[in-house]
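The values are calculated or read from the model by the stated rules, or taken from the named source; none is laboratory data. Remember, it's a predicted structure, so these values are computed and weren't measured experimentally. Note that we place each Cβ from the backbone using ideal geometry, even for glycine, and neighbour counts take in every protein chain shown.
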Amino acid sequence: MSPPTVVWFRKDLRLADNEALFAAASRDGPVIPLYIFDEGVGGRPPGAASRWWLDKSLRSLAEDLNRLGAPLVLRRGGAAEVLKRLVAESGAKAVYWNRLYDQASIVRDTRIKADLNAGGVEALSFAGGMLNEPWTVKTGSGTPYRVFTPYWRAARVRIDMCGPAPVVKKLRANPAPLASDPIDAWALHPRAPDWSGGFAGWRPGETGALDALKTFLGSRLNAYQDERNRPDRSGTSRLSPHLHFGEISPRQIVDVIRRDEERSGAPTAGSEAFLREIGWRDFNYQLLFHASDMEHSPLNPIFGGFPWRQDRRALAAWQSGRTGYPIVDAGMRELWTTGWMHNRVRMIVASFLVKHLLLDWQLGERWFWDTLVDADLANNVAGWQWVAGSGADAAPYFRVFNPVLQGEKFDPDGVYVRRWVPELATAPSRFIHQPWRAPTAVLAACGIRLGVSYPEPIVDHAEARTRALAAYERIR
């Protein structure tokens, strides 16, 4: 029998469109699926919400691999050492994986590949979870794009040329059982207390991802262009955590949409708008690939001297959804309860932190990292820098979201606010986004006591906007 091939799973917890797994399954010999819980990559372990999702996703992947005939091996520790030991134990002569694109992973993987090859083990990497890898879409002068629209114009042409890899349907197991950590020993699920009760609506795993895509395509895609900015409606795909953990790939999504368009005869505005969002995800990855310090430093260097404030009370009010601005508080409470927040609201709460409170965007980025089930380094960092004005294709520095107007535009009847800020559930719609403007008698009739049952605004919008613009002017 030919020696086994190790398939090192990372952000690709699926069987379909998994090039490394498909290549290993196409060889003669057993396949050893492996997941390494390596918390040292990049010096930033996964946040609490991501650990919750990883726990469920690995359990789902293990079940799927068992059905194919090859059990998933779980090991904890540094990836290089774990791989070295497993190769020695199993006699494997090949290790395959799908690529990651952050600098820390690239440095680690390059070193591992060289060490394995030097030891006579074939080490091959394959295209990972992007439509176009970061180095493939360039400007006419050969440089990476820093503005999304021309990037997407160039990238959009290429995506119709890349279909998903075939689904793996059978694997040959290693003849000798290999030691595997019990996943419970990793303590990924929260205990004492278990705060994850609000996460029950999620279904981590490849099956959950495919079902979420099916639901979205069947009932939401056609209206996506109009509904995606409405947090009071179910207009988004909710695929972001599935994409982050690689339970479904962008190529699979494009392939399904393309086949639907072929049946209907033409693309729809909804499908093009959704594909553009997938393209934005790719754009963020290529930014991180070409600007490896983006995680810690502003892309626009003039923001290195921005006069951020220090205000622990304001940060705590923002984190806990107690700012006195209902749309902001609703978003932060949705995040804390469910591990997710509507994308429009993410922009509103981020703008509030950086521009109303003048608190460093990295404070918000780290909070999102710990509380989002879809906490993704490229998307998280790029999104926060976009709002702060320091990133690529960033929002203009003078754009300060008015949380009242944003709430009235995108949650006009207060459905979203009433759900997540129950203290205001009985407020009239005309005051739901600015309860401090309601007459005292109206508030009393609704049982609302500002400053007691619900906080007064911690900052005045007009004053905060003036302060923010002055701070931005100082660094221009």
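Data table
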{"item": "Residue satisfying condition, being of a type in the set (S, T, N, Q), at pLDDT 95 or above and buried (at least 21 other Cβ atoms within 10 Å of the Cβ), within set Ser50, Ser26", "result": "Ser50"}
{"item": "Asp370 vs. criteria within 24 Å of Ala330 (Cβ to Cβ), modelled with pLDDT of 95 or more and in a loop (DSSP other than H, G, I, E, B)", "result": "no"}
{"item": "Test: residue in segment 103-115 that is touching a Leu at 6+ places or on another chain (Cβ under 8 Å), modelled with pLDDT of 95 or more, buried (at least 21 other Cβ atoms within 10 Å of the Cβ) and not β-branched (Val, Ile, Thr)", "result": "no"}
{"item": "Positions within segment 451-473 being under 29 Å from Thr440 (Cα atoms), among the hydrophobic types (A, V, I, L, M, F, W, C), touching a Phe, Trp or Tyr at 6+ places or on another chain (Cβ under 9 Å) and in a helix (DSSP H, G or I), in sequence order", "result": "Ala464"}
{"item": "Identity of the residue in segment 1-18, touching a Pro at 6+ places or on another chain (Cβ under 9 Å) and surrounded by fewer than 22 Cβ atoms within 10 Å (Cβ to Cβ), that ends up nearest to Val254 (Cα to Cα)", "result": "Ala16"}
{"item": "Qualifying positions in segment 316-337 - among the aromatic types (Phe, Trp, Tyr) and under 17 Å from Ala49 (Cβ atoms)", "result": "Trp336"}
{"item": "Residues located in segment 406-433, provided they are surrounded by 19 or more Cβ atoms within 10 Å (Cβ to Cβ), free of Cβ contacts under 8 Å to residues at least 40 places away in the same chain and either touching a Gly at 6+ places or on another chain (Cβ under 6 Å) or not in a helix (DSSP H, G or I) (or both)", "result": "Ala427"}
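Residues are listed down the side, and each one gets a yes or a no for (1) farther than 23 Å from Trp340 by Cβ; (2) buried (at least 16 other Cβ atoms within 10 Å of the Cβ); (3) not assigned by TED's automatic domain parsing to the domain that holds Ser50; (4) not small (Gly, Ala, Ser):
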| position | (1), (2), (3), (4) |
| --- | --- |
| Ile159 | yes, yes, yes, yes |
| Lys169 | yes, no, yes, yes |
| Ala173 | yes, yes, yes, no |
| Arg191 | no, no, yes, yes |
| Gly201 | no, no, yes, no |
| Leu210 | no, yes, yes, yes |
| Arg220 | no, yes, yes, yes |
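Listed here are the residues, each with its yes/no results for (1) over 21 Å from His189 (Cβ atoms); (2) touching a Lys or Arg at 6+ places or on another chain (Cβ under 9 Å); (3) among the aliphatic types (A, V, I, L, M).
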residue: Trp8; (1), (2), (3): yes, no, no
residue: Asp17; (1), (2), (3): yes, yes, no
residue: Ala23; (1), (2), (3): yes, no, yes
residue: Arg27; (1), (2), (3): yes, no, no
residue: Val31; (1), (2), (3): yes, yes, yes
residue: Asp38; (1), (2), (3): no, yes, no
residue: Ala48; (1), (2), (3): no, no, yes
